[in-house]
Amino acid sequence: MPNLAVRGTVRSTMTPPIPKAQAWIRQFPATASRPLLNLSQGVPGEAPEKIFTDRISELSQDREPANYGSIQGDDGLREAVKEEMGDVYRWNEKGSGGVGVVKEQIAISAGCNQAFYLTMSVLCSEGDEVLIPCPWYFNMLMTFQLLRLKPVPLPLSPSNGFTPSVDQAKSLITPRTRAIALVSPNNPCGTIYPPALLDSFCGLAKESGIALVVDETYRDFVPPSPSRAPGAGDRGKPHDLFDEPDWDETLVSLFSFSKSYKIPGYRLGGIVASRTVLEACRTVADCIQASLRKKNGICPARLPQLALAELLPALRPSLISTSKALASRLKRFEDAISIVPGWQVVSSGGYFSYVKFPDVYGPDVTSERVAERLAIECGVLTLPGCWFMPEREDEGWKSLERMGSELISDRWLRFAIANVSDETVDKIPERLKQLNELYAAGS
């Protein structure tokens, strides 16, 4: 037996399934007239804004970005994030009544995945339970497995647009429950949870003495409310939770710079929480990011922090324009799918659409098999819904069966819309019709 044996918890943690999807596309004979249509990954479809890349170039000539910085992020960026949140959540508006946050309630992380890992590390102990809507983002499941936490599936209902039920969540809370984890706008389903629903979940968490953790990676792609007065702003308000004076006793909000500012490779995210939670996160981050050096330590990347601290207000118009373009593309996609027999967009928002494939394919045809054939034979790469679900032999799947969840029918695919053009969207119906013909022919 090798001396360098890998710990069992790591060996038993799921591996990201993306390489399997990438293997499918290598089997598709793409040509110039019939290219591969890749709708698998939630990444920005455009380069960062020039004012950002120019500033990165200028700053890279200085010594400061190469130095250690604060483990919780540079003060300048934390202050800038506070001001930007005031615009997103409206507490900067006169008469809003919003309470808001202060800089000391914001920490910068190396991406939102790390923010989630840090948060779970400090809120939960081994064996604790976390309620999480299912389908779920598979990196969250990996965090639970690495930390030996128990994810409790809160099944989403396709007939309700994949929106979670507060009453059902209440029925799943036990003495071992430490948190409810939500993602809105959702990955993988795209569903945007209404502010009233998030308020109800926060009330349930407060009443139950547990945390509400909301991953808001896609918050800048919430459309404005139809009731919002003309000229009152072009951004949708994700929720009203920061309006409560005691929000930090229950809520932990996670965010990302990757999608909004089109910089996923720079790995910047953040946590908004109480000072107590952030101080605990700082301890864990210090171990992950390296050793403490007085007040400074190994930190999230300095270069993009320094650039963004100066530029967030100037980047706002581009962000809003991108959000509007994405909303338009989602509508275009829904219209395109609607003309293909048997296919149906069940929910959409943010970067994603969750799409049901035809029942006539047969009850035993899995989403993975449909996604595989769609990629290899028709040249459209998506991710199957089963990759966002428990394994069939796991307790999580058995709990879905016991609850009679519609999810066990496994009839959905996730389409990522952000990094494709309108022209690509227009090509999708013909490819889906081709798959329909293949199944109809029994091949």
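In table form, for the structure just shown:
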read-out	value
Residue selected from region 206-223 under the condition surrounded by fewer than 20 Cβ atoms within 10 Å (Cβ to Cβ) and not small (Gly, Ala, Ser), by the criterion modelled with the lowest pLDDT	PRO223
Verdict on GLY76 being touching a Lys or Arg at 6+ places or on another chain (Cβ under 6 Å), in contact (Cβ under 8 Å) with a residue 24 or more places away in the chain and not assigned by TED's automatic domain parsing to the domain that holds LEU383	no
Close pairs from region 398-409: first farther than 14 Å from PRO133 by Cβ, partner among the charged types (D, E, K, R) and assigned to a helix (DSSP H, G or I), Cβ under 7 Å, at least 6 apart	ILE408/GLU401
Residue within region 147-163 that is over 20 Å from GLY203 (Cα atoms), out of contact with any strand residue (DSSP E or B) (no Cβ under 9 Å at 6 or more places or on another chain) and modelled with pLDDT of 95 or more present	yes
ILE51 modelled with pLDDT under 95 and under 21 Å from ILE263 (Cα atoms)	no
Candidate set: region 395-428, residues that are aliphatic (A, V, I, L, M) and part of a loop (DSSP other than H, G, I, E, B); chosen: the one nearest to VAL345 (Cα to Cα)	ILE417
Output for region 352-394, where each listed residue is in a helix (DSSP H, G or I), within 28 Å of THR31 (Cα to Cα) and hydrophobic (A, V, I, L, M, F, W, C)	VAL370, ALA371, LEU374, ALA375, ILE376, CYS378
Some residue of region 162-176 being under 23 Å from SER121 (Cβ atoms), surrounded by fewer than 21 Cβ atoms within 10 Å (Cβ to Cβ), among the hydrophobic types (A, V, I, L, M, F, W, C) and touching a residue at least 40 places away in the same chain (Cβ under 8 Å)	yes
Filter result for PRO35 (touching a helix residue (DSSP H, G or I) at 6+ places or on another chain (Cβ under 8 Å), under 26 Å from TYR354 (Cα atoms), in the same structural domain as PHE333 (by TED's automatic domain parsing) and in a loop (DSSP other than H, G, I, E, B))	no
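Let's see how each residue does on (1) part of a loop (DSSP other than H, G, I, E, B); (2) under 26 Å from the mean Cα position of the chain (by Cα):
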{"position": "ALA47", "(1), (2)": "yes, yes"}
{"position": "ASP54", "(1), (2)": "no, no"}
{"position": "ASP62", "(1), (2)": "yes, no"}
{"position": "GLY73", "(1), (2)": "yes, yes"}
{"position": "ALA80", "(1), (2)": "no, yes"}
{"position": "GLY86", "(1), (2)": "no, yes"}
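The values are calculated or read from the model by the stated rules, or taken from the named source; none is laboratory data. This structure is a prediction, so every number in the text was calculated from the model and none was measured. No Cβ is skipped: glycine too gets one built from the backbone with ideal geometry, and neighbour counts run over all protein chains shown.
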